[in-house]
Amino acid sequence: MPRRPKQPAVPFPYGKIVTVADIGAAIRAKRASIGMPQEQLAALAGVGPRFLSEVENGKESAEIGKVLHVLRRLGLELSITSRSGGSSNGG
(Lines give C-alpha, C1' and ligand atoms only; values in the text may rest on other atoms or scores of the structure.)
Protein backbone atom coordinates (compact mmCIF):
# COMPACT_ATOMS: atom_id res chain seq x y z
CA MET A 1 0.00 0.00 0.00
CA PRO A 2 1.60 3.33 -1.01
CA ARG A 3 2.31 5.76 1.78
CA ARG A 4 0.66 9.15 1.62
CA PRO A 5 2.93 12.18 1.71
CA LYS A 6 3.27 13.77 5.12
CA GLN A 7 0.85 16.59 5.70
CA PRO A 8 2.07 19.81 7.32
CA ALA A 9 1.80 19.90 11.09
CA VAL A 10 -1.59 21.05 12.29
CA PRO A 11 -1.63 23.30 15.35
CA PHE A 12 -3.06 21.43 18.31
CA PRO A 13 -6.63 22.56 19.04
CA TYR A 14 -6.53 23.01 22.81
CA GLY A 15 -9.76 24.33 24.16
CA LYS A 16 -13.41 23.65 24.57
CA ILE A 17 -14.82 20.36 23.31
CA VAL A 18 -18.36 20.86 22.02
CA THR A 19 -18.81 17.93 19.64
CA VAL A 20 -17.47 14.44 19.08
CA ALA A 21 -15.76 15.85 16.01
CA ASP A 22 -13.77 18.19 18.31
CA ILE A 23 -12.37 15.16 20.15
CA GLY A 24 -11.50 13.52 16.85
CA ALA A 25 -9.81 16.68 15.62
CA ALA A 26 -7.75 16.88 18.82
CA ILE A 27 -6.65 13.27 18.47
CA ARG A 28 -5.75 13.73 14.80
CA ALA A 29 -3.85 16.97 15.46
CA LYS A 30 -1.84 15.51 18.34
CA ARG A 31 -1.05 12.35 16.39
CA ALA A 32 0.04 14.38 13.36
CA SER A 33 2.12 16.76 15.49
CA ILE A 34 4.21 13.85 16.77
CA GLY A 35 4.39 12.20 13.34
CA MET A 36 2.61 9.01 14.35
CA PRO A 37 0.69 7.06 11.69
CA GLN A 38 -2.87 5.97 12.52
CA GLU A 39 -1.86 2.32 12.42
CA GLN A 40 0.88 2.86 15.00
CA LEU A 41 -1.39 4.75 17.41
CA ALA A 42 -4.13 2.16 16.97
CA ALA A 43 -1.70 -0.64 17.89
CA LEU A 44 -0.31 1.31 20.84
CA ALA A 45 -3.81 2.04 22.17
CA GLY A 46 -5.10 -1.47 21.56
CA VAL A 47 -7.78 -0.41 19.09
CA GLY A 48 -8.25 -1.12 15.40
CA PRO A 49 -7.16 1.34 12.71
CA ARG A 50 -10.78 1.56 11.50
CA PHE A 51 -11.96 2.55 15.00
CA LEU A 52 -9.28 5.26 15.21
CA SER A 53 -10.20 6.56 11.76
CA GLU A 54 -13.87 6.73 12.74
CA VAL A 55 -13.04 8.61 15.95
CA GLU A 56 -10.83 11.09 14.09
CA ASN A 57 -13.72 11.65 11.69
CA GLY A 58 -16.17 12.40 14.51
CA LYS A 59 -18.21 9.17 14.67
CA GLU A 60 -20.73 9.86 17.42
CA SER A 61 -21.25 6.25 18.46
CA ALA A 62 -17.59 5.56 19.26
CA GLU A 63 -17.06 3.70 22.54
CA ILE A 64 -16.02 6.30 25.12
CA GLY A 65 -13.74 3.91 27.02
CA LYS A 66 -11.67 3.28 23.92
CA VAL A 67 -11.60 6.99 23.08
CA LEU A 68 -10.29 7.77 26.57
CA HIS A 69 -7.61 5.10 26.16
CA VAL A 70 -6.47 6.66 22.87
CA LEU A 71 -6.33 10.09 24.57
CA ARG A 72 -4.23 8.67 27.43
CA ARG A 73 -1.79 7.06 24.98
CA LEU A 74 -1.30 10.48 23.38
CA GLY A 75 -0.69 12.08 26.78
CA LEU A 76 -4.03 13.92 26.67
CA GLU A 77 -6.90 14.02 29.13
CA LEU A 78 -10.52 15.05 29.06
CA SER A 79 -11.92 17.31 31.79
CA ILE A 80 -15.49 18.19 32.66
CA THR A 81 -16.38 21.59 34.06
CA SER A 82 -19.64 23.31 34.87
CA ARG A 83 -20.97 25.45 32.03
CA SER A 84 -22.18 28.12 34.43
CA GLY A 85 -19.17 27.99 36.68
CA GLY A 86 -21.55 28.15 39.65
CA SER A 87 -23.52 25.13 40.77
CA SER A 88 -21.78 21.76 40.86
CA ASN A 89 -25.03 19.80 40.66
CA GLY A 90 -25.62 20.28 36.94
CA GLY A 91 -27.58 23.51 37.33
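The values are calculated or read from the model by the stated rules, or taken from the named source; none is laboratory data. Given the structure is predicted, the values throughout are model-derived calculations rather than measurements. In this analysis, Cβ positions are derived from the backbone assuming ideal geometry, glycine residues included, and neighbour counts consider all displayed protein chains.
I'd like the residue in region 59-86 that is in a loop (DSSP other than H, G, I, E, B) and touching a Leu at 6+ places or on another chain (Cβ under 8 Å) and, out of all such residues, is nearest to ARG28 (Cα to Cα). Only one residue fits best here, namely LEU74. Residues that are over 11 Å from the mean Cα position of the chain (by Cα), at pLDDT 95 or above and not aromatic (Phe, Trp, Tyr) do occur in region 50-57, at least one of them.
When the test is whether a residue is at pLDDT 95 or above and surrounded by fewer than 12 Cβ atoms within 10 Å (Cβ to Cβ), ARG3 does not pass it. The set of residues from region 41-65 being over 13 Å from ILE23 (Cα atoms) and buried (at least 16 other Cβ atoms within 10 Å of the Cβ) comprises LEU41, ALA42, ALA45, VAL47, PHE51. Listed by first and then second residue, the pairs with beta-carbon distance under 9 Å, at least 6 apart or on different chains, first residue in region 33-54 and without any contact (Cβ under 8 Å) to a residue 12 or more places away in the chain and under 12 Å from VAL67 (Cβ atoms), second among the hydroxyl-bearing types (Ser, Thr, Tyr) and not in a helix (DSSP H, G or I), are GLU54/SER61. Taking every residue in region 66-83 that is under 17 Å from LYS16 (Cβ atoms) and among the hydroxyl-bearing types (Ser, Thr, Tyr) and pairing it with any residue that is modelled with pLDDT under 95 and outside any helix (DSSP H, G or I), at least 6 positions away or on another chain, the pairs with Cβ-Cβ distances below 7 Å are SER82/SER88. When PRO37 is tested against (1) more than 13 Å from the chain's Cα centre (by Cα); (2) surrounded by fewer than 13 Cβ atoms within 10 Å (Cβ to Cβ), only condition (2) is not met.
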